[in-house]
Amino acid sequence: MRKKTLNIGMVGYGFMGRTHSNAFAQAPHFFDLGYKPVLKTICARNAEKAQAFAEQWGYESSVTDWRKLIDDKSIDLIDIASPNDTHMEIAIAAAQAGKMVMCEKPLGRNAAESAKMTEAVERAGVPNMVWYNYRRVPAVTLAKQLIDEGRLGKIFHYRAKFLQDWTISKDLPQGGQGLWRLDVGVAGSGVTGDLLAHCIDTAMWLNGGISSVTGMTETFIKERHHNITGKTEKVGIDDASLFLSRFDNGSLGSFEATRYARGHKALYTLEINGEHASIFWDLHDLHRLQYFDHRDEGRTRGWRSVHITDGDHPYMNKWWVPGLQIGYEHTFIHQAADFIDGLTSGNHASPTFRDALATDLVTDAVLRSAASGQWENAKG
């Protein structure tokens, strides 16, 4: 039987444009989906590069104005993989045109923008999702299952960190292609909205809402050359951000993110300590889940390393034989597949824009706390 098509208009051809395109291209080869995703049109500012991207990835056409995607009645889904300052205008216009919307994280540069975007998609009643892909690492999904089954018992502690080292050089400029994350006007914030947003989304998915936070941030290099203006300008983003939190379930959280941890390119770890058991996960060893259960017999009690490759592990029955692992790009394929499955079933997959708004409320609270030196409400 011929499947319905899902025509995709992609905005952005950078790192995330590639991961999203690959996700939609690969998903139907491994998942039985009710819709066939079609890479319809890629949109980017540089016409020559956009056309080259279209040819490489199999898009039918390319444009340089995202409004043409909105006006194209054949396009069903707008996927926003462009810098943060473009998210709100594109998402709202897409929703008002009745199109499905997917958006790279963070949803907005701040919670105020995210709230407007959430209101737009909910008012229009269009399916929506934000690409917080770490939920769909099979090991992290298994952690969610174990927590929901009550294996850990009452949760006491949640701790997460995301460490990088790519902005340490004082000669690194801010602004422009590839470096817009250092420009506060484009990014909205630094590691708080970029790296900690991932940690917070995963944390609230696994452990419930965060009620209050107290945080601190630091910008280690105060001025950088700006690629757009050609001038040396003040750096407005946070290079490092740490905060403590209280969860709705009474557990305590500690979070850290920095781009100044020499030797770490993308060290994202999380640990959860419960009454009966604990869980630890490391992005650098993403196919393993460390698990400790105090109820085990004392003589053999200890941390175990679960290799997530078997068919009864989340998502793994769609891939290779047991013992062979998958990687980073597969998390996006899983998310694309889940989104499309939600269209078929009517049970739309998360994280939705409203879920992502909750994350942005927390990141805003962290930044407020860093400025005020006080505990701040994380519910908005």
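The values are calculated or read from the model by the stated rules, or taken from the named source; none is laboratory data. Everything numeric here is computed off the predicted structure, so don't read it as measured data. Neighbour counts run over all protein chains shown; Cβ positions are idealised from the backbone, glycine included.
Would you check if Trp320 is outside the structural domain of Asp32 (by TED's automatic domain parsing), over 26 Å from Leu196 (Cα atoms) and either assigned to a strand (DSSP E or B) or aromatic (Phe, Trp, Tyr) (or both)? Let's see the steps before the verdict.
On the way: outside the structural domain of Asp32 (by TED's automatic domain parsing): yes; over 26 Å from Leu196 (Cα atoms): yes; either assigned to a strand (DSSP E or B) or aromatic (Phe, Trp, Tyr) (or both): yes.
Taking the combined requirement at face value, the residue satisfies it.
Given Gly185, Gly176, Gly193, which one is free of Cβ contacts under 8 Å to residues at least 60 places away in the same chain, within 13 Å of Asn84 (Cα to Cα) and not basic (Lys, Arg)?
Values: Gly185 fails: free of Cβ contacts under 8 Å to residues at least 60 places away in the same chain; Gly193 fails: free of Cβ contacts under 8 Å to residues at least 60 places away in the same chain.
One residue alone meets the criteria, Gly176.
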Could you tell me whether region 242-263 includes any residue that is of a type in the set (D, E, K, R), over 23 Å from Glu149 (Cβ atoms) and in contact with a strand residue (DSSP E or B) (Cβ under 6 Å, 6 or more places away or on another chain)?
-> yes
When every residue in region 129-166 that is aromatic (Phe, Trp, Tyr) and closer than 11 Å to Ile272 by Cβ is compared, the one surrounded by the most Cβ atoms within 10 Å (Cβ to Cβ) is Tyr158
Condition set among the aliphatic types (A, V, I, L, M), in contact with a His (Cβ under 8 Å, 6 or more places away or on another chain) and not in a helix (DSSP H, G or I), scope region 97-117, selection farthest from Gly327 (Cα to Cα): answer is Leu107
When restricted to Ala336, Ala365, the only residue within 14 Å of the chain's Cα centre (by Cα) and small (Gly, Ala, Ser) is Ala336
Counting only strands (runs of 3 or more DSSP E) wholly inside region 210-280, the ones holding at least 2 residues that are at pLDDT 95 or above and of a type in the set (Ser, Thr, Tyr) are 210-218, 240-247, 252-258, 267-274
Picked from region 325-348 (must be closer than 16 Å to Glu104 by Cβ and among the aliphatic types (A, V, I, L, M)), the residue surrounded by the most Cβ atoms within 10 Å (Cβ to Cβ) is Ala336
Scanning region 118-144 for residues that are touching a Pro at 6+ places or on another chain (Cβ under 7 Å) and without any contact (Cβ under 8 Å) to a residue 60 or more places away in the chain gives none
Pairs returned, first residue in region 354-370 that is more than 13 Å from Leu107 (Cα to Cα), second residue that is of a type outside the set (A, V, I, L, M, F, W, C) and not in a helix (DSSP H, G or I), beta-carbon separation under 6 angstrom, 6 or more apart or interchain, are Ala365/Glu376; Val366/Gly215; Arg368/Glu376; Ser369/Thr214; Ser369/Gly215; Ser369/Glu376; Ala370/Gly215; Ala370/Thr217
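With respect to Ser278, determine if the residue is of a type in the set (Gly, Ala, Ser) and either free of Cβ contacts under 8 Å to residues at least 40 places away in the same chain or under 19 Å from Leu146 (Cα atoms) (or both). Steps first, answer last, please.
On the way: of a type in the set (Gly, Ala, Ser): yes; either free of Cβ contacts under 8 Å to residues at least 40 places away in the same chain or under 19 Å from Leu146 (Cα atoms) (or both): yes.
The answer is yes for Ser278.
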Restricting region 176-191 to residues that are at negative phi and not in a helix (DSSP H, G or I), the one surrounded by the most Cβ atoms within 10 Å (Cβ to Cβ) turns out to be Gly190
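Could you please let me know if Asp171 is more than 30 Å from Asn273 (Cβ to Cβ), free of Cβ contacts under 8 Å to residues at least 60 places away in the same chain and among the charged types (D, E, K, R)? Talk me through it step by step, then tell me what you get.
On the way: more than 30 Å from Asn273 (Cβ to Cβ): yes; free of Cβ contacts under 8 Å to residues at least 60 places away in the same chain: yes; among the charged types (D, E, K, R): yes.
Yes.
So that you can scan it fast, the table gives a plain yes or no per residue for (1) under 20 Å from the mean Cα position of the chain (by Cα); (2) more than 22 Å from Gly178 (Cβ to Cβ); (3) at pLDDT below 95:
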residue	(1), (2), (3)
Trp66	no, no, no
Leu69	no, yes, no
Asp72	no, yes, no
Asp79	yes, no, no
Pro83	yes, no, no
Ile90	yes, no, no
Ala95	no, yes, no
Gly98	no, yes, no
Here the qualifying pairs (Cβ atoms under 6 Å; residues six or more apart or on different chains; first in region 1-26 and closer than 14 Å to Gln56 by Cα; second among the aromatic types (Phe, Trp, Tyr)) come out as Tyr13/Phe53; Thr19/Phe332; Ser21/Trp57
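Taking the residues in region 206-254 that are among the basic types (Lys, Arg) and without any contact (Cβ under 8 Å) to a residue 24 or more places away in the chain as candidates, determine which candidate is nearest to Asp165 (Cα to Cα). Outline the logic, then answer.
From region 206-254, those among the basic types (Lys, Arg) are 222, 224, 231, 234, 246; that's our starting set.
Those still in the list that are without any contact (Cβ under 8 Å) to a residue 24 or more places away in the chain too: 222, 231, 234.
Details: Lys222: 17, Lys231: 24, Lys234: 20 Å.
Once the filter is applied, the top-ranked residue is Lys222.
So which residues in region 118-142 are part of a helix (DSSP H, G or I) and touching a Leu at 6+ places or on another chain (Cβ under 6 Å)? First the steps, then the outcome.
Pass one, region 118-142, residues part of a helix (DSSP H, G or I): 118-124, 133-136, 138-142.
Listed by number, the residues that qualify are Thr118, Ala139, Leu142.
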